[in-house]
Every structure is written in structure tokens, then in C-alpha cells.
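Visitor: Mind having a look at this structure? Questions to follow.
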Amino acid sequence: MSYIQKRLKFIFTGGTLAGNVSKDKVQAGVKSDPTGIMALLKPSMDALMQTWDVEVDASIIDLFNIDSSNVSPVYWTQIITAIEESYDDADGYIIVHGTNTMGYTAAALSFALGNIGKPVIITGAQVPLGYLGSDANMNLVNAMRMAAWPHHDVKGVFAVFGSKIITGTRVKKGTDFDYDPFSSFQSGTIGQIGRYLKIDNKALDIHNAYLARGGRVAGNAKALIIKKGFATEGLVSLTEFPGMSPDIITSQVDNNNAKGFIMRSFGAGDPNENLFPAFEYLKKKKIPIVVTTQAPGGLANFQVNETGRYLRNNDLAIPAYDMSIESMTTKLAWLLAQGLDYETIKSKMIEDLHGEIHVGAELI
């Protein structure tokens with residue numbers, strides 16, 4: 001019998017799955033290494049051969065082993081480079097990552113790997129491997145199932161965690177307790193995974209279409225289009241509160257050389273009018289500011305209330321619409337790193353590049 005071979009690279013970055021948690025009185029400091037993880041997956045690889053006729057050829061890229069709270073753009077670049085350098089030797093990637101910043105990493109990889117033609121599946125665990133009640137093995141197996149899936153054209157960046165399959169620009173962590181801690185922020189669900197994989201074919205087709213927008217999807221490393229800079233060092237992220245002084249914004253430019261802002265305002269992206277001078281100052285300086293809402297399921301469109309309409313009518317800020325904080329932050333940092341001018345950044349921030357934003361229709 002002939003088998004479909006899938007060469008899967010497991011990129012190891014640590015996180016809870018690997019035991020990067022505080023010690024407790026019940027189980028103290030159980031650490032996992034990549035070799036041990038691969039041994040645990042061997043029975044599932046054999047099962048894939050028996051049930052799907054898929055032969056998994058798995059190998060490890062051991063990048064780093066840290067708590068994901070310590071992940072920064074330097075580490076994103078390491079992951080992207082590892083994919084770039086091994087691209088011709090792999091049919092898919094599984095990234096073992098911590099949960100705290102998984103949404104940021106998933107979004108960053110989505111923007112940087114613009115036309116990737118292979119699956120990049122990010123997963124992790126709520127309970128470390130080797131601890132009582134660990135979900136690590138299940139999540140690893142499910143990520144492998146998604147990466148090796150022979151019945152759909154799976155490519156691009158996804159998170160597979162618990163029962164969810166979520167496109168990379170929509171990954172949102174909601175809890176530190178549940179085995180299903182991630183949700184798809186407002187949209188972006190590709191399917192569910194349990195005993196069977198339930199793929200939304202329409203959603204998957206839309207996801208795949210983004211990867212071909214700049215031309216063709218990369219079948220080999222030579223065709224891979226990668227832009228991996230992230231200028232987070234110039235970003236400022238603020239949450240508005242009643243009575244907030246505009247000096248908090250302007251001083252970040254004057255004293256800290258801020259190059260871009262994320263602002264969580266009220267309502268549908270409706271800041272207090274007292275902050276208008278700061279917005280006008282940023283426009284004069286050609287420093288982009290993206291305004292989102294503090295409402296967990298809200299939409300910042302500058303069309304509902306007077307102060308939001310003022311921003312819109314005077315072109316003072318970029319509405320976030322339905323972008324998650326993870327996507328808008330990594331996207332702005334990514335655009336700034338490309339050296340684009342102010343007007344281009346404003347335009348690109350509201351352009352739907354990888355399913356991260358849906359502008360929608362005008363309100364009447």
C-alpha cells in the first residue's frame with residue numbers, strides 16, 4: 001500500500017506545555033524536552049497511517065524554551081527564519097508555544113508569511129505535559145491531525161487548541177483555567193476538532209484566498225514572500241479613562257519618540273473631546289493612532305457617536321473596526337517596520353490582508 005507522506009517540523013518554543021509554570025505543592029517543576037514529546041506522539045503517528053494512509057515524518061526544530069510572556073519580536077523572527085530555512089524540507093509546521101502571547105505570535109506570523117503555501121499550526125497547553133490533567137498530548141495530536149489532514153487544502157497560520165481551529169489573525173485568549181481557553185475574535189473560525197475534524201469549507205477557502213492575493217502561493221522557498229520586521233519599540237498602547245489628560249499622549253512623542261499608538265477608547269471608538277488636541281498633534285506629526293473600543297465584542301467604526309464622528313470627519317485616527325488588540329498591534333508594528341509613509345500606513349491598517357479586519361457597510 002502506498003502512503004501519503006507528510007514531513008512535519010515541530011518548532012519548539014516552550015510555554016506551559018513544556019513546564020514553564022510556577023512550582024506548586026502538588027507537582028513541582030516537571031519539565032519536558034522536545035525528544036520526549038516526539039516519543040509520546042509516536043502512537044498517534046502510527047494511527048494516522050492506519051486510518052488516513054498518511055505517513056508522518058516528524059522532526060524537531062528546537063528554537064528556545066521560555067514562558068510566552070517573555071516572547072518578543074526577536075523570537076517571532078526566529079520562528080519565521082526557521083520556517084524560511086526549512087521550507088523546502090517540510091510539508092507543514094507545528095509550533096509549540098505558550099498561551100499568554102499565542103494570539104500575538106499567530107497574528108505576527110500571519111502578516112510576515114504573506115503567501116505561505118503550507119500549514120503553520122500553533123498549539124500549547126493549559127496544564128503542562130506530565131502534570132495531572134494535562135491537555136498537552138491532546139493538543140499536540142490535534143495540531144498534527146490538522147497539519148497532516150489529507151482531505152482539505154490546509155495552508156497558512158492557524159491555532160489548534162482544545163476543540164477550536166482558528167485562523168491566525170483572530171486568536172483571542174479568554175481564560176487561564178478552561179481546556180478551551182481560546183476563541184475566534186468576532187470571526188475567523190475555520191472549524192472544530194474532536195473525534196472528527198469539522199472544517200467549514202467556505203471559511204477555509206476565504207482564508208486560503210488571502211494567501212494568493214499577491215500572486216501565487218509559495219510552493220517552495222524561492223517563491224516565499226517574507227516581511228519579518230516588527231517595530232514594537234516605537235509603539236504605545238493606552239487605555240482611555242474618564243479625565244485622561246492629552247499630555248499622556250503628546251509626552252510619549254516628545255519624551256519617548258513614539259512612532260505609533262493603539263488607543264482603547266469608549267463606545268464605538270469615541271474618545272473624550274478633551275483628547276482632541278492630542279489627536280490633532282499626532283496628525284501634524286504624521287504619527288498613526290489606531291482607535292479601538294473597550295467593549296469586549298464591540299466595533300470601532302467612528303460612525304455612532306459625536307466624538308468618533310469628529311475623528312472620522314477630521315481624519316484624526318484609524319478606526320480598528322473588528323480587529324483584535326493582538327492583530328492591530330502586530331499589524332501596526334509590522335507596517336511601521338517596512339518604512340511606509342503615514343498615508344500608506346493609514347490605508348493598509350484598514351485593508352483586510354489576512355482576515356483581520358472587516359470594514360463593513362456605512363451606517364444609515
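Visitor: When region 321-344 is examined, which residues are found to be part of a helix (DSSP H, G or I) and touching a strand residue (DSSP E or B) at 6+ places or on another chain (Cβ under 8 Å)?
Guide: Correct list: 325, 326, 328, 329, 332, 333, 336.
Visitor: Quick check: anything in region 262-285 surrounded by 19 or more Cβ atoms within 10 Å (Cβ to Cβ) and within 16 Å of residue 233 (Cα to Cα)?
Guide: Yes: region 262-285 contains one or more residues that are surrounded by 19 or more Cβ atoms within 10 Å (Cβ to Cβ) and within 16 Å of residue 233 (Cα to Cα).
Visitor: Since residue 137 meets every condition but one in (1) farther than 17 Å from residue 329 by Cα; (2) surrounded by fewer than 21 Cβ atoms within 10 Å (Cβ to Cβ); (3) free of Cβ contacts under 8 Å to residues at least 60 places away in the same chain, which condition does it not meet?
Guide: Result: residue 137 passes all but (3).
Visitor: How many of the residues making up region 64-111 are under 23 Å from residue 354 (Cβ atoms) and in a strand (DSSP E or B)?
Guide: Final tally of qualifying residues: 5.
Visitor: So which of 120, 127, 74 is without any contact (Cβ under 8 Å) to a residue 24 or more places away in the chain and either not assigned by TED's automatic domain parsing to the domain that holds residue 156 or not acidic (Asp, Glu) (or both)?
Guide: Going through 120, 127, 74 in turn, just one is without any contact (Cβ under 8 Å) to a residue 24 or more places away in the chain and either not assigned by TED's automatic domain parsing to the domain that holds residue 156 or not acidic (Asp, Glu) (or both): 74.
Visitor: Scan 302, 276 and give me the residue that is assigned to a helix (DSSP H, G or I) and either within 24 Å of residue 214 (Cα to Cα) or of a type outside the set (Asp, Glu) (or both).
Guide: 276
Visitor: Moving on. In region 239-264, which residue that is under 18 Å from residue 298 (Cα atoms) and in contact (Cβ under 8 Å) with a residue 40 or more places away in the chain is farthest from the chain's Cα centre (by Cα)?
Guide: Per the criteria, the residue is 240.
Visitor: Another question, then. Would you be able to say whether some residue in region 175-188 is of a type in the set (Gly, Ala, Ser), in the same structural domain as residue 59 (by TED's automatic domain parsing) and at pLDDT 85 or above?
Guide: no
Visitor: Working only within region 54-66, note down all residues that are buried (at least 17 other Cβ atoms within 10 Å of the Cβ) and not hydrophobic (A, V, I, L, M, F, W, C).
Guide: Result: 65, single match.
Visitor: Here is a further query. Given the criterion among the aliphatic types (A, V, I, L, M) and closer than 20 Å to residue 37 by Cβ, identify the matching residue among 127, 154.
Guide: None of the others qualify; the one that does is 127.
The values are calculated or read from the model by the stated rules, or taken from the named source; none is laboratory data. Since we're looking at a predicted model, the values are computed, not measured. No Cβ is skipped: glycine too gets one built from the backbone with ideal geometry, and neighbour counts run over all protein chains shown.
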